[in-house]
């Protein structure tokens, strides 16, 4: 790798050294090799998970209670109109007291005011109904 050039016109001039300094190149290569050695075991690690083999099928379909809130704020329990909030809360309390609570589906009308829907949600939460969901959201999509 060395390159010697013949003596120049002046013998007093020192010889020019035309060699590549490979020390920085070797340092960089060693750092890259060490990084490669360190990162390879990380890529080979696996995570062992104990996945369930399968859930037993439900014995019976869940019972569903549908609460409809009409455009004027009137509340219906499975299609039957309720007289007032006290009757709604009595039915929600009876539902919450069951050992296997039925699913309560709340279906508000597109034109109903939010306060009427919030009243039903607040009553259900306060009385301990845990399986509550809002259905019919496709009517709100523009």
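The values are calculated or read from the model by the stated rules, or taken from the named source; none is laboratory data. On a predicted model such as this, the values are computed, not experimentally measured, just so you know. No Cβ is skipped: glycine too gets one built from the backbone with ideal geometry, and neighbour counts run over all protein chains shown.
Points worth noting:
- Restricted to region 96-124, and to residues there that are in contact with a helix residue (DSSP H, G or I) (Cβ under 8 Å, 6 or more places away or on another chain) and in a helix (DSSP H, G or I), the residue that is farthest from residue 140 (Cα to Cα) is 96.
- Residue in region 41-64 that is outside any loop (DSSP other than H, G, I, E, B) and surrounded by 11 or more Cβ atoms within 10 Å (Cβ to Cβ) present: yes
- Region 122-133, subset surrounded by fewer than 15 Cβ atoms within 10 Å (Cβ to Cβ) and in contact with a strand residue (DSSP E or B) (Cβ under 8 Å, 6 or more places away or on another chain), residue modelled with the lowest pLDDT: 133
- Selection within region 78-96 - in contact (Cβ under 8 Å) with a residue 12 or more places away in the chain and either loosely packed, with under 10 Cβ neighbours inside 10 Å or closer than 12 Å to residue 129 by Cα (or both): 79, 89, 91, 92, 93, 95, 96
- Here residue 67 meets the list (1) free of Cβ contacts under 8 Å to residues at least 40 places away in the same chain; (2) part of a strand (DSSP E or B) almost entirely, failing just condition (1).
- Residues in region 97-116 that are over 17 Å from residue 66 (Cβ atoms) and either exposed (fewer than 10 other Cβ atoms within 10 Å of the Cβ) or in contact with a strand residue (DSSP E or B) (Cβ under 7 Å, 6 or more places away or on another chain) (or both): 99, 100, 111, 114, 115.
- The single condition among (1) under 30 Å from the mean Cα position of the chain (by Cα); (2) surrounded by 14 or more Cβ atoms within 10 Å (Cβ to Cβ); (3) farther than 21 Å from residue 126 by Cβ that residue 67 does not satisfy is (3).
- Taken as a whole, region 40-63 holds at least one residue that is in contact (Cβ under 8 Å) with a residue 40 or more places away in the chain and under 30 Å from residue 135 (Cα atoms).
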